[in-house]
Amino acid sequence: MKLLFLIVIALVISGCVYFFTSQRFSKSKKDKKFNWRSGSIASAVFVCLLVIIVYGAYSSEHQPDMQCRSIHTSTSQPPESLITANDYYSQGNYDYDIGNCTKAVNDYTKALLINPNFSQAYNNRAYTNMRLGNYQAALPDLDKAIALNPKYFQALMNRGDIHNFYYQIDRKSAIADYERVAAIAGPSRSKTSVCGHLLLAKDNGWTLRAYLDFFTGAFARCG
C-alpha cells in the first residue's frame, strides 16, 4: 500500500509537469491537442521518480541493522570491575554501544543471575535481541520487565513495536501497550513517537487511512 501511494504521488507530479510544460510550449492556450514534447518530459519525470521509489523501497527493505554488525567507538566507559548486577548491566550497555550485541546479551544475563528482579536488564536484553532480530527471545523479557514495573515506558514501547511491526503481529496488543505509554507520558506524549506508532497500529500499518491521518495531523493527536 505504501508503494502504491508513492506511485500515485509520482503520477500526480508527472501530471503537473505535463500541465505546466504544455502551457509553456503550446502556441495557443486554447490548444487542447496532446503535446508530445510535454508528454515526453512528463514521462521522463515519472520514470525517474519510479526508479527512485523502487530503489528506495528495495534499499529500506534490505538495509541491514548496522548496530550489531560492526564495532563502533563509544564515549562511554566499561565498569572498573564486574561484581554486582549493576556492574554487569553497565558492561552490557557498553558492549551494546560499541556494537558487540552478543556479548551485551550475555552481560545482561549475568546481571539477571545476580538480581532476577532487575527490570532494566530485562528490557535492555530484550532490546538488544530485537536489534539482533531475535524477537521470540525478546518478548518474555519484556513481559517480565513490565510485570516488575507496570509503568515501564520503554518496555511497553518495545513490546508494542514487536507486535506492531516485527513478530507475531497482533495490533490489538500493540494498541493496548501504546495507549498505556500515552497515558503514562501524559501531555508530553506529543514529544515521543508513541502517537505515530499508535495510529499505525489502529490503521493496520501503512494503509491509505494512515497516510490521510499523517497529512491531516492526526499523528500528533492521541491518547
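Is it the case, given these coordinates, that residue 171 is without any contact (Cβ under 8 Å) to a residue 40 or more places away in the chain, among the basic types (Lys, Arg) and touching a helix residue (DSSP H, G or I) at 6+ places or on another chain (Cβ under 8 Å)? Answer is yes for this residue. Here residue 98 meets the list (1) touching a residue at least 60 places away in the same chain (Cβ under 8 Å); (2) touching a His at 6+ places or on another chain (Cβ under 6 Å) almost entirely, failing just condition (1). Looking at segment 5-18, is at least one residue modelled with pLDDT under 65, under 30 Å from residue 127 (Cβ atoms), within 36 Å of the chain's Cα centre (by Cα) and aromatic (Phe, Trp, Tyr)? The answer is no, given that none of the residues of segment 5-18 is modelled with pLDDT under 65, under 30 Å from residue 127 (Cβ atoms), within 36 Å of the chain's Cα centre (by Cα) and aromatic (Phe, Trp, Tyr). Taking residue 169 as the residue in question, decide whether it is at pLDDT 95 or above and β-branched (Val, Ile, Thr). Against the criterion (at pLDDT 95 or above and β-branched (Val, Ile, Thr)), residue 169 does not qualify.
On inspection, residue 143 qualifies as surrounded by fewer than 15 Cβ atoms within 10 Å (Cβ to Cβ) and of a type in the set (Asp, Glu).
Within segment 110-117, can one find any residue that is in a helix (DSSP H, G or I), within 26 Å of residue 165 (Cα to Cα) and of a type outside the set (S, T, N, Q)? Scanning segment 110-117, I find no residue that is in a helix (DSSP H, G or I), within 26 Å of residue 165 (Cα to Cα) and of a type outside the set (S, T, N, Q), so the answer is no.
Within segment 86-102, being surrounded by fewer than 19 Cβ atoms within 10 Å (Cβ to Cβ) and assigned to a helix (DSSP H, G or I) holds for 86, 87, 94, 97, 102. Screening residue 73 with (1) assigned to a helix (DSSP H, G or I); (2) modelled with pLDDT under 95 gives one miss only, at (1). Pick out the one residue from 178, 135 that is surrounded by fewer than 22 Cβ atoms within 10 Å (Cβ to Cβ) and within 18 Å of the chain's Cα centre (by Cα). After applying the criteria, what remains is 135.
The values are calculated or read from the model by the stated rules, or taken from the named source; none is laboratory data. A quick note: this is a predicted structure, and the numbers were derived from the prediction, not measured. Virtual Cβ from ideal backbone geometry, glycine too; neighbours counted across all protein chains shown.
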